[in-house]
Every structure is written in C-alpha cells, then in structure tokens.
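Asker: Could you have a look at this structure, given as structure tokens, before my questions?
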Amino acid sequence: MFEQPSTGERAVIVHLYLDGHEAGDDLAEFHELAQSAGAIIVATVTGRRETADAKFFAGAGKVEELRDTILKQSVDVVLFNHTLSPSQERNLEKFLQCRVLDRTGLILEIFAQRANTFEGKLQVELAQLRHLSTRLVRGWTHLERQKGGIGLRGGPGETQLEIDRRLIKKRLTLLAQKLERVRTQRGEGRRARRKAGLPAISLVGYTNAGKSTLFNRLTNSTVYAANRLFATLDPTWRRLEISGLGPVIVSDTVGFIRHLPHDLVAAFRATLEEVCEADLLLHVIDCSSPTREENTEQVIRVLSEIGADGVPRIEVHNKIDLVPGLKPSVLRDQGGLRQQVWLSASTGEGMDLLKQVIGEHFVGRDRVPCWLRLPVTAARLRAHLYALNAVLNETSDGHGAWLLEVALPKIRLERLCHLEGLECPWVAASGEAP
C-alpha cells in the first residue's frame, strides 16, 4: 500500500541514558530484539541527556556522530531503543538518509515475521496500521501523486496524505470486523471446553523464559521453540492427563516484554482472552536470568493490564540446569497460597513435581467423596457425571430428586452445575446419603 524505504540487515543501535537512568538491561534486551528481527548489529551509539531533544530525540552532536557511523559502516537501518514521535522519526530519516525504527516499530516487525496463522497475521497487521496511522507525516515518496481507481482517486483538492489516512481507516475497520469474528469463534471453543468440564491452564511469562519448551515437555508436543525472543507467536492448545484429576487443556501463549506496545495488547485481545478465561496460570520464570525479578514484575503488570491478575498462578522457575546447585523442588508459602516449582523443561527434571502441584490445585490434597442433590431437570448433568466415571453411589430423596455420591474435583462439579444453570447443591461432605 505504501512505498517505504526497504529494510536492510546492517543496523546501528542507539540508546540514550536519560535522567541518569542506566537501563543497561534494556540495552542488552534490545540487542536481542534486533538480532531476533534478523539484523546484523555493526555499531552501538550511546549517550547521556537530561531530556530528549524535541527535533531528533538525540542531540545535534550525537546525530552527526550517528550519520558518520552510517556512512562508514554502510548501515541500512537505525534502531532507537526508545519511543520516537512521528516528527522525530521523520526528521531523523530526512537527516540521516536512512530508515529509522523505534522500539515499538521493531517489535511490530518481529511479530510480523513470526505470525503464521490467519488470526496472527490479522492481529499483527491491525497493530502495524494503528502504529502507522500516527506516522503519515513522514516523507513518503508518493504523497504528491494522485492515483486512479475506485476508492483511490482523491476528490477535488484531496491530498495523497488524506487518501492514505482514509484507506488506513477503511482497512482498520475491516480488520476489526474480522478479528471480532475470530473472537466469537474462540468464545465458542471455550464454551465447548467448559461444557466438557475440562480445566483450562495457560502458560504465561516473559519472552524467552522457556514456555514453549515447557509446553512441549508437558504435552509431548512439537511446538517450535528456540532460544530467542518471541520464538512463537500463535497460541497452541493441547490435552494433558493429570493423575487423580483427569484431562486438562493447556495453552501456550505469546511472551511478554518490557514496554509492550499498547497497539499489540489491543490487537491481541482475542488471544489474551485465553489467559483471562483460564482456571490456572503457569507463570514461567527464567531463574538463570539476572533480570528475573524485573521480568516477573513486568509480566504481573501486563496480566493486570489485560484483567488476568485475579486468575490463580503457580510460579514455575525454569532452567535450573543453568544454575549450579539448584535442584527440582516445590516451595509453598504458609497456607500453600503461593506455590513455586523449580524445574528444567529442557532436561525434564521436576516435571513430575509440576504435575503433582497442578493436581493438588484442582483436586485438593484432602479430597473426599461428596453428595449432591440433583433435580429431575438435571438429567443431562447426571448422565455426564456417569460418563466421567465420577458417580460412586446413587439413591433418591423420595421426592423425585437424585442423590449422587461423586468423586470429582470441586472446580469441575461447580462448572458442570453452572453450565446447567444450577447452584452446586452440596448436601454432605461424605458418608451415607442424607
């Protein structure tokens, strides 16, 4: 649609320490982002400023230094580890005669490379166009030309810039409609899983924490996993058998990162709803990372932003094989409210402990059979309980209602009753029928 300068591979990274903030970890992570996008980093330009320059973000002297580096190193693209305003991006490209991308633009480029499914491509395009719609002030080569064709020819006095804005707005509307249909389809899939009474577990965590490796180890799958940021983008679901619980559904989701673009959060709403609707989150943490505390806080911040901070979580500290002295273990706060599992998804150490903790979460360590009273209108629920081999005993209360002694995780019983429009009618903890 637009004639942009083509992206090259040779890149120079620019990072300014503002207000005395070192942010060395941010710079190291940005290097990984650039490499994940396929860039060959030929130079890194750093500097210090109290505040960003309004015209170039960097100062005039630093921009001159940057231009010399571009000429000497034959640089194709300049990557700023900051968020640039549209005018700053335009001014830099005009002065440097080179393509400029800020942190948000680079992340969007990576997501565009990773998207494989129809939904993923729609989500990335939506985020890219939202980002682009604020940057049509830049020096596009065709802004002075008029185009022919239905919907492309401008009216009297309509500039190419106005045409571009109108075309983007039209495309955004179309993408939003398509993604709404995807959202509806996802909702139907979730309802089907709930109807089957299957607990849903979602893996979340900072990007490159090992979520896909853990997912493959748990479910014996072959989802693509690699030691790079955003190795996988599209969500995947698999069935997992837990001893004493039965089958559950596990989903692998996109990784989080610092300064995650808001356009991406909005575009991936349908995908992130899987996290919000889960019964349990496995928060995967790279225990070998020196920034694990900051990364953990960032994940919790994003979960709060998408409304998933109230979903129960188990912390899974992964990659213990990279930390000398760490062994597979389970740690619990008093009362067992905060559970932590230490394991290695790569070697498989500690996987049995994770499955045990998942089972304990849903079933409870002190599970006993329970009695419940079902009215005659709940015949479908009764049949479903028999199909799950959950009924231990059955009798009648003398008024037409069924009394069933069942052995099933409470969460599954409550969900099944909810789907039938019933309050879960517990009548006794155990023993003989009341």
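The values are calculated or read from the model by the stated rules, or taken from the named source; none is laboratory data. Note that the structure is a prediction, hence the values are computed from the model and not measured. Don't worry about glycine lacking a Cβ; one is built from the backbone with ideal geometry, like all the others, and counts go over all protein chains shown.
Asker: In the set ARG338, ARG365, ARG313, ARG332, which member is at pLDDT below 90, farther than 30 Å from LYS178 by Cβ and in contact with a strand residue (DSSP E or B) (Cβ under 6 Å, 6 or more places away or on another chain)?
Answerer: Criteria check complete, one pass: ARG332.
Asker: Moving to a separate point now. Which one is surrounded by the most Cβ atoms within 10 Å (Cβ to Cβ), of the residues in the range 61-71 that are of a type in the set (A, V, I, L, M) and within 15 Å of HIS15 (Cβ to Cβ)?
Answerer: From the range 61-71, those of a type in the set (A, V, I, L, M) are 63, 66, 70-71; that's our starting set.
Restricting the remaining residues to those that are within 15 Å of HIS15 (Cβ to Cβ) gives 63, 66.
Numbers: VAL63: 19, LEU66: 23.
Out of the qualifying residues, it is LEU66.
Asker: Same structure, new question: Any residue in the range 226-234 that is at pLDDT below 70 and crowded, with 22+ Cβ neighbours inside 10 Å?
Answerer: yes
Asker: Right, next: Which one of VAL284, VAL275 is under 14 Å from the mean Cα position of the chain (by Cα) and within 13 Å of ALA209 (Cα to Cα)?
Answerer: Working: VAL275 fails: within 13 Å of ALA209 (Cα to Cα).
The conditions single out VAL284.
Asker: If LYS72 meets every condition in (1) part of a loop (DSSP other than H, G, I, E, B); (2) farther than 19 Å from ASP26 by Cα; (3) not acidic (Asp, Glu) apart from one, which number is that one?
Answerer: (1)
Yes/no matrix, rows are residues, columns are (1) touching a His at 6+ places or on another chain (Cβ under 9 Å); (2) among the charged types (D, E, K, R); (3) buried (at least 17 other Cβ atoms within 10 Å of the Cβ):
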residue	(1), (2), (3)
LEU303	yes, no, yes
ASP309	no, yes, no
ILE314	yes, no, yes
ASN318	no, no, yes
LEU322	no, no, no
LEU326	yes, no, yes
GLN339	yes, no, yes
GLU349	no, yes, no
ILE358	no, no, yes
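Asker: Can I ask one more? Give the residue that is modelled with the lowest pLDDT, with candidates limited to residues of the range 19-45 that are exposed (fewer than 14 other Cβ atoms within 10 Å of the Cβ) and part of a loop (DSSP other than H, G, I, E, B).
Answerer: Here the answer is GLU22.
Asker: Is it fair to say GLU125 is of a type outside the set (Gly, Ala, Ser) and modelled with pLDDT of 75 or more?
Answerer: Values: of a type outside the set (Gly, Ala, Ser): yes; modelled with pLDDT of 75 or more: yes.
When the stated conditions are applied, GLU125 passes them.
Asker: Moving on to the next point. Would you be able to say whether some residue in the range 101-108 is without any contact (Cβ under 8 Å) to a residue 40 or more places away in the chain and surrounded by fewer than 16 Cβ atoms within 10 Å (Cβ to Cβ)?
Answerer: no
Asker: While we're looking at this one, here's another question. Looking only at the range 167-193, filter to residues that are over 20 Å from the mean Cα position of the chain (by Cα) and at pLDDT below 80; which one of those is nearest to GLU119 (Cα to Cα)?
Answerer: Within the range 167-193, the match that is nearest to GLU119 (Cα to Cα) is GLU188.
Asker: Follow-up question, since we're still on this one. Name every residue in the range 301-351 that is on the phi > 0 side of the Ramachandran plot and out of contact with any Phe, Trp or Tyr (no Cβ under 7 Å at 6 or more places or on another chain), in order of residue number.
Answerer: Residues of the range 301-351 that are on the phi > 0 side of the Ramachandran plot, as a first pass: 307, 319, 325, 335-336, 348, 350.
If the condition is that a residue be on the phi > 0 side of the Ramachandran plot and out of contact with any Phe, Trp or Tyr (no Cβ under 7 Å at 6 or more places or on another chain), then GLY307, LYS319, GLY325, GLY335, GLY336, GLY348 are the ones that fit.
Asker: Does any residue of the range 46-60 turn out to be in a helix (DSSP H, G or I), more than 32 Å from the chain's Cα centre (by Cα), surrounded by 14 or more Cβ atoms within 10 Å (Cβ to Cβ) and free of Cβ contacts under 8 Å to residues at least 60 places away in the same chain?
Answerer: no
Asker: Kindly list the number of the only condition in (1) modelled with pLDDT under 70; (2) assigned to a helix (DSSP H, G or I); (3) of a type in the set (D, E, K, R) that fails for ARG153.
Answerer: (2) is the only condition that ARG153 fails.
Asker: Among the candidates SER212, SER202, single out the residue that is over 22 Å from GLN113 (Cα atoms), at pLDDT 80 or above and within 17 Å of the chain's Cα centre (by Cα).
Answerer: SER202
Asker: Select from the range 291-311 the residues that are of a type outside the set (Val, Ile, Thr) and either outside the structural domain of LEU322 (by TED's automatic domain parsing) or part of a loop (DSSP other than H, G, I, E, B) (or both) and list them in ascending order.
Answerer: Residues of the range 291-311 that are of a type outside the set (Val, Ile, Thr), as a first pass: 292-295, 297-298, 301, 303-305, 307-310.
Within the range 291-311, GLY307, ALA308, ASP309, GLY310 meet the criteria.
Asker: Mind checking which residues of the range 267-290 are modelled with pLDDT of 85 or more and part of a loop (DSSP other than H, G, I, E, B)?
Answerer: ALA278, ASP279, CYS287, SER288, SER289, PRO290
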